[in-house]
1. For Val43, Val16, Val118, Val82, what's the largest-to-smallest order of accessible area, 1.4 Å probe?
2. Can you give me the distance in nm between label points at Glu18 and Leu64, each placed 7 Å from the Cα along the Cα-to-Cβ direction?
3. Could you give the size of the charge dipole of the chain about its Cα centre, using +1 on the Cβ of each K and R and -1 on the Cβ of each D and E, expressed in debye and rounded to the nearest 20?
4. Rg and Dmax of segment 56-133 over Cα atoms: what are they, in angstrom?
5. What is the distance, in nm, between label points placed 7 Å from the Cα along the Cα-to-Cβ direction at Ile41 and at Ala90?
6. Do the alpha carbons of any pairs in Lys59/Lys112; Lys112/Lys143; Lys2/Lys40 sit beyond 25 Å of each other, and which pairs?
7. Could you work out how far apart the two model spin labels at His129 and Ala55 are, taking each label as a point 7 Å from the Cα in the direction of the beta carbon, and quote it in nm?
8. Can you pull the percent of segment 1-89's accessible area that's carbon plus sulfur, 1.4 Å probe, other chains left in place?
Amino acid sequence: MKLLLIHGPNLNLLGVREPDKYGKENYDDINKALYAYCFKINVELEIFQNNCEGAIVTKIQEALNNCDGIIINPAAYTHTSVAIRDAIAAVNIPTIEVHLSNVYAREEFRHKSLIAPVCLGQIAGFKSHGYKMAIDAMLEHLKQNNEA
Ligand code: DQA
């Protein structure tokens, strides 16, 4: 069982970046905790971060035949990227969208996700805990659908 976690632009600055919105935990600590959690439950986890839309599209394409589920925080691309949405639809790998902040309680431009319609679902507002929630939800989904 292998999961791919993709962090979009500016998420490498977590801990420094607007901690009131995104939490005080830094990017490396969040990832370390997720690797440890997945190790404990015997799931292989790959984590990828990039600030560029095309690199994220390429990574999603490379996940084809190589991973069972994708968890993605597309960050600002959530609200703009047809290319990331199309890549997720193209590979047809179960995908969950995560946001650290509750995007619906923020500016109106953050209320619309181009990515959510091609995902199993969306988790928003639970800071970094949302990633663990997404891993658990993905495993439950894969178990129920015998996809892994
Ligand atoms: C975010 C929400 C987005 O609107 C924003 O552009 C981000 C982070 C979140 O995790 O809350 O970069 O995806």
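1. On the way: Val43 15, Val16 120, Val118 45, Val82 80 Å².
Descending order: Val16, Val82, Val118, Val43.
2. So the two model labels end up 3.5 nm from each other.
3. My answer is approximately 220 debye.
4. Spelled out, the Cα radius of gyration and Dmax of segment 56-133 are 12.1, 38 Å.
5. Reported label-point gap for Ile41 and Ala90 is 3.0 nm.
6. Numbers: Lys59/Lys112 23 Å; Lys112/Lys143 30 Å; Lys2/Lys40 14 Å.
Where the Cα-Cα span goes over 25 Å, the pairs concerned are Lys112/Lys143.
7. In this crude label model, His129 to Ala55 measures out at 3.1 nm.
8. 51
The values are calculated or read from the model by the stated rules, or taken from the named source; none is laboratory data. Everything numeric here is computed off the predicted structure, so don't read it as measured data. FYI the Cβ positions are ideal-geometry reconstructions off the backbone, even for glycines, and counts take in every protein chain you see. To get the accessible areas, we keep the full protein, side chains included, count just its heavy atoms, and leave off ligands, DNA and RNA. Shrake-Rupley method; radii C 1.70, N 1.55, O 1.52, S 1.80 Å.
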